[in-house]
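The values are calculated or read from the model by the stated rules, or taken from the named source; none is laboratory data. Remember, predicted model here, so these are calculated numbers, not experimental data. All Cβ positions, glycine included, derive from the backbone under ideal geometry; neighbour counts span all protein chains shown.
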Amino acid sequence: MTALMSLQNVNYQVKDKLILQEINLTVPAGANYTITGPSGSGKSMLLRLMAAMISKTSGELIFAGKPIESYDPIMYRREVSYCFQQPTLFGTTVADNLAFPYQIRKQVIDLPHVTAALEYVGLSAKMLNQKIEDLSGGERQRVALIRNILFLPKILLLDEVTAGLDTANKDIIHEWLRHLNEDRHVTTLMITHDTTEIASADQLLRVVDGRLEVGA
Amino acid sequence: MNLVVNNTSLFLAAMLVLVALAISLWQKLGLDKDIIIGVVRAVIQLFIVGYLLKYIFRVNNFWLTTAMILFIIFNAAWNAQKRGAGIAHALPISFLAIFISTGVTLGVLVLAGAIKFIPSQMIPISGMIASNSMVAIGLAYRSLNSQFHDQRQRVLERLALGAGLMDASIAIVREAIRTGMSPTIDSAKTVGLVSLPGMMSGLIFAGVDPVRAIKYQIMVTFMLLSATSLGSIIACYLAYRNFYNEQKQLK
């Protein structure tokens with residue numbers, strides 16, 4: 001398999017504190033990796049760094065054969081999409097959120113596509129006009145995730161997106177992520193402490209004290 | 001004219017400062033030093049300005065008038081910039097915003113024949129326009145700072161979805177422009193009902209017929225709307241990018 005992304009000797013430092021050190025990682029296209037580690041170990045920073053939300057202090061990050069510096073960060077983030085643990089929704093309705101990916105690409109919302117995405121995760125098209133404050137935690141997370149995949153990214157970086165959700169909601173998201181990875185060939189890296197998610201991954205990575213340990 | 005402030009009456013009016021001083025000492029506000037410094041500065045600055053304006057009005061030279069207007073704009077920019085702590089390039093941004101808002105507004109007034117290009121009209125009007133633009137820009141900066149702080153997560157999420165800097169900031173920029181403009185709009189609504197504004201009061205004081213005085217005040221209301229809207233929009237559109245670094249990440 002070809003490497004879609006690779007990190008070589010990547011360090012990330014804030015003032016004189018080394019948050020991530022000597023990270024070496026190769027992510028093949030189509031991979032499904034999980035990342036665990038104690039809180040504060042630097043897991044989220046690693047994903048944010050891969051998403052160009054922060055910049056490495058030193059080392060190399062190669063995406064699709066080219067160094068990250070050669071991409072426009074905006075375009076890069078549309079290919080390597082980061083999902084937050086506790087997403088905030090924008091505007092007032094679900095539609096405001098799902099229109100956003102089209103708006104930033106200067107396109108008109110593709111309603112059949114949006115509806116299909118909603119239905120895939122067990123939400124109805126009627127939900128589009130629903131106020132965001134009326135959504136349950138699981139619904140909010142699903143709506144937030146749909147924003148990331150209306151235009152399929154090459155890599156989906158998921159930061160504990162199922163933490164705090166009940167089993168029913170988790171199952172829906174697990175099945176959806178499996179579909180995105182296996183059928184739509186989206187490479188996924190997921191930070192999680194959930195045993196089911198860890199068990200279904202190709203590879204388990206651990207981040208401890210800013211260092212990466214590659215498990216079985 | 002019935003303007004009778006002479007040095008004796010000014011001196012007697014200075015007793016009013018003692019009221020403020022007495023309150024400060026009595027209530028232990030610790031403001032007595034500031035009050036004295038403030039009063040001394042006000043007196044010195046106004047005397048200098050008084051003599052300077054007298055000279056400029058007498059000379060009536062195009063370049064001198066223009067230089068004075070630029071000096072006013074620079075001072076306004078300097079003060080606006082102080083309220084934009086943490087915003088990079090706040091001084092040049094403020095200067096440009098106040099320069100354009102004042103220039104356009106003055107230009108329209110002169111071309112419309114509402115005022116003449118003579119120092120006794122240009123300089124006071126420039127001061128009014130620039131100071132209102134300054135206050136609007138200062139409010140807009142404060143709003144940008146607090147919103148980028150409070151809505152950090154929302155901005156980060158927009159960026160993560162691949163939004164450009166404008167798309168990630170537009171809601172914040174709009175709110176900041178609104179914040180800058182709203183005092184002018186609010187005071188336009190209550191003008192004449194709550195307070196008689198400076199321009200009109202001054203003219204009435206000098207013995208001008210109130211019906212003529214309000215025409216000037218109407219002009220002032222129009223020009224301040226233009227000045228604060230132009231000042232806020234220019235400053236916000238130039239400033240928001242400074243909340244991001246070169247890698248288009250939120251600082």
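Quick check: anything in the range A:70-77 without any contact (Cβ under 8 Å) to a residue 24 or more places away in the chain and hydrophobic (A, V, I, L, M, F, W, C)? Yes, the conditions are met somewhere in the range A:70-77. For the range B:57-65, indicate whether the set of residues that are assigned to a loop (DSSP other than H, G, I, E, B), at positive phi and under 27 Å from the mean Cα position of the chain (by Cα) is non-empty. The answer is yes, given that some residue of the range B:57-65 is assigned to a loop (DSSP other than H, G, I, E, B), at positive phi and under 27 Å from the mean Cα position of the chain (by Cα). Just to be sure before I move on: is residue A:63 at pLDDT below 95 and either closer than 24 Å to residue A:14 by Cα or of a type outside the set (Lys, Arg) (or both) in the structure I sent? No, not satisfied. Here the range B:148-190 is the region considered, the condition is being buried (at least 18 other Cβ atoms within 10 Å of the Cβ), more than 14 Å from chain A (Cβ to nearest Cβ) and not hydroxyl-bearing (Ser, Thr, Tyr), and the residue that is nearest to residue A:148 (Cα to Cα) is B:148.
Of all residues in the range A:66-111, those satisfying the criterion of being buried (at least 16 other Cβ atoms within 10 Å of the Cβ), touching a Gly at 6+ places or on another chain (Cβ under 8 Å) and among the aliphatic types (A, V, I, L, M) are A:74, A:104. Just one of the numbered conditions (1) crowded, with 23+ Cβ neighbours inside 10 Å; (2) under 18 Å from the mean Cα position of the chain (by Cα) is not true of residue B:127: (1). Condition first: at pLDDT 95 or above, touching a strand residue (DSSP E or B) at 6+ places or on another chain (Cβ under 9 Å), surrounded by 15 or more Cβ atoms within 10 Å (Cβ to Cβ) and β-branched (Val, Ile, Thr). Can you find one or more residues in the range A:155-163 that meet it? Scanning the range A:155-163 turns up at least one residue that is at pLDDT 95 or above, touching a strand residue (DSSP E or B) at 6+ places or on another chain (Cβ under 9 Å), surrounded by 15 or more Cβ atoms within 10 Å (Cβ to Cβ) and β-branched (Val, Ile, Thr).
Going through (1) assigned to a loop (DSSP other than H, G, I, E, B); (2) exposed (fewer than 10 other Cβ atoms within 10 Å of the Cβ); (3) of a type outside the set (Gly, Ala, Ser) one by one, residue B:33 falls short only on (1). Cβ separations smaller than 8 Å between residues 6+ apart or across chains give the following pairs from the range A:45-59 residues that are closer than 15 Å to residue B:161 by Cβ and within 10 Å of chain B (Cβ to nearest Cβ) to residues that are assigned to a loop (DSSP other than H, G, I, E, B) and of a type in the set (S, T, N, Q): A:52/B:247; A:52/B:249; A:53/B:249.
On the basis of being under 14 Å from residue A:32 (Cβ atoms) and free of Cβ contacts under 8 Å to residues at least 60 places away in the same chain, does residue A:202 make the cut? No: the conditions fail for residue A:202.
Per-residue answers, yes or no, for (1) of a type outside the set (Lys, Arg); (2) under 17 Å from the mean Cα position of the chain (by Cα); (3) within 14 Å of chain B (Cβ to nearest Cβ):
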| residue | (1), (2), (3) |
| --- | --- |
| A:34 | yes, yes, no |
| A:42 | yes, yes, no |
| A:67 | yes, no, yes |
| A:72 | yes, no, yes |
| A:75 | yes, yes, yes |
| A:78 | no, yes, yes |
| A:86 | yes, yes, yes |
| A:89 | yes, yes, yes |
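Please work out which residue is nearest to residue A:23 (Cα to Cα), limiting yourself to the range A:61-101 and to residues that are aromatic (Phe, Trp, Tyr) and outside any loop (DSSP other than H, G, I, E, B). Give the steps one after another, and end with the answer.
As a first pass, look at the range A:61-101 and keep what is aromatic (Phe, Trp, Tyr): A:63, A:71, A:76, A:82, A:84, A:90, A:100.
Pick out the ones that are also outside any loop (DSSP other than H, G, I, E, B) and you get A:63, A:76, A:82, A:100.
Working: A:63: 15, A:76: 20, A:82: 19, A:100: 34 Å.
My answer is A:63.
Just one of the numbered conditions (1) in contact with a helix residue (DSSP H, G or I) (Cβ under 8 Å, 6 or more places away or on another chain); (2) farther than 30 Å from residue B:149 by Cα; (3) of a type in the set (A, V, I, L, M); (4) in a helix (DSSP H, G or I) is not true of residue B:115: (4).
Sort out which residues of the range A:102-149 are assigned to a loop (DSSP other than H, G, I, E, B) and within 14 Å of chain B (Cβ to nearest Cβ), and write them in order of number.
Of all residues in the range A:102-149, those assigned to a loop (DSSP other than H, G, I, E, B) come to A:104-110, A:121-124, A:130, A:135-136.
A:104, A:105, A:106, A:107 - these are the residues of the range A:102-149 that are assigned to a loop (DSSP other than H, G, I, E, B) and within 14 Å of chain B (Cβ to nearest Cβ).
What about residue B:37, is it among the β-branched types (Val, Ile, Thr) and under 21 Å from the mean Cα position of the chain (by Cα)?
Taking the combined requirement at face value, the residue does not satisfy it.
What about residue B:191, is it β-branched (Val, Ile, Thr) and under 27 Å from the mean Cα position of the chain (by Cα)? For residue B:191, the condition - β-branched (Val, Ile, Thr) and under 27 Å from the mean Cα position of the chain (by Cα) - is met.
Of all residue pairs spaced 6 or more apart or on separate chains, those with beta-carbon atoms under 8 Å, a first member in the range B:126-148 that is farther than 15 Å from residue B:183 by Cα and a second member that is among the charged types (D, E, K, R) and assigned to a helix (DSSP H, G or I) are B:147/B:175.
In the range B:91-116, which residue that is of a type in the set (Gly, Ala, Ser) and surrounded by fewer than 23 Cβ atoms within 10 Å (Cβ to Cβ) is nearest to residue B:237 (Cα to Cα)? Spell out the reasoning first.
Step one: list which residues in the range B:91-116 are of a type in the set (Gly, Ala, Ser), which gives B:94, B:97, B:101, B:103, B:107, B:112-114.
Checking which are surrounded by fewer than 23 Cβ atoms within 10 Å (Cβ to Cβ) leaves us with B:103, B:107, B:112-114.
Details: B:103: 18, B:107: 23, B:112: 29, B:113: 31, B:114: 30 Å.
Looking at the filtered set, the residue picked out is B:103.
Here residue B:241 passes the criteria (1) touching a residue at least 24 places away in the same chain (Cβ under 8 Å); (2) closer than 25 Å to residue B:101 by Cα; (3) away from every other protein chain (no Cβ under 14 Å) except the one numbered (3).
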